[in-house]
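Working notes, beginning with the structure itself.
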Amino acid sequence: MPLLAIFVLLPLIEIALFVLVGGWLGLWPTLALVVLSAVVGMALIRNQGFAALRDLQRSAQGMGDPARPLAHGALIVLAGFLLLLPGFFTDLLALPLLVPVTRRLILRQLAARVFVVNAAPRTPPHWPRAGDDIIDGEATEITPDTRPLPRNHPSGWTDPPD
């Protein structure tokens, strides 16, 4: 249901902002702002995307944890997607994702929520107790019959019992 609300509300918010900004600035300056935000956003994403890739490579070369550079890269990609969408509201949502300090704060909040929600008490492994169903058995090794069978003789699996 929240996803449906986003798909319905997001275009309505963008249209309302286009009307407000267009009434304030006029048609051509409003369209120029939309195009300019996409161009500037793509330039920033390219620059920061390469920086995130370099951080990921350094982490891999130093045998470090790649989670931080991957998370920053994912937020940069999200910012790029938001900047590609035409509109002022999505641009305002994308701008904080392009600032490294803000990304760190967002990732810290996400990590706190993920680790709190998924934190489960550790229990020791289950060892069988006296009341558990235990099947006791013995194994006997059977050596395969290596004698060659005659050509017209079927396999031993299909022989009729004697």
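Read the figures in this text as sums done on the coordinates, not as results from a lab. Predicted model, so just to flag it, every value in this text is computed and none were measured. Please note: Cβ atoms are built from the backbone with ideal geometry, for glycine as well, and neighbour counts cover all protein chains shown.
Counting Cα-Cα pairs of the stretch 12-117 in 10 Å increments starting at 0 gives whole-percent bin shares of 15, 36, 28, 15, 6, 1.
On the beta carbon distance between ALA111 and ALA43, with R0 = 30 Å, the FRET formula returns roughly 0.55.
Ignoring solvent entirely, what values of log10 I(q)/I(0) come out of the Debye formula for the stretch 1-43 at 0.19, 0.22 Å⁻¹ when each Cα is a single scatterer? For the stretch 1-43, the Cα-only Debye profile gives -0.68, -0.78. 3J(HN,Hα) couplings calculated from phi for the stretch 15-31 with the Karplus curve 6.51 cos²θ - 1.76 cosθ + 1.60 (θ = phi - 60°) are, in sequence order, 5, 4, 5, 4, 5, 5, 5, x, x, 7, 9, x, 5, 5, x, 5, 5 Hz; Gly and Pro show x. The tail of the calculated P(r) for the stretch 58-100 beyond 13 Å holds 56 percent of all Cα-Cα pairs.
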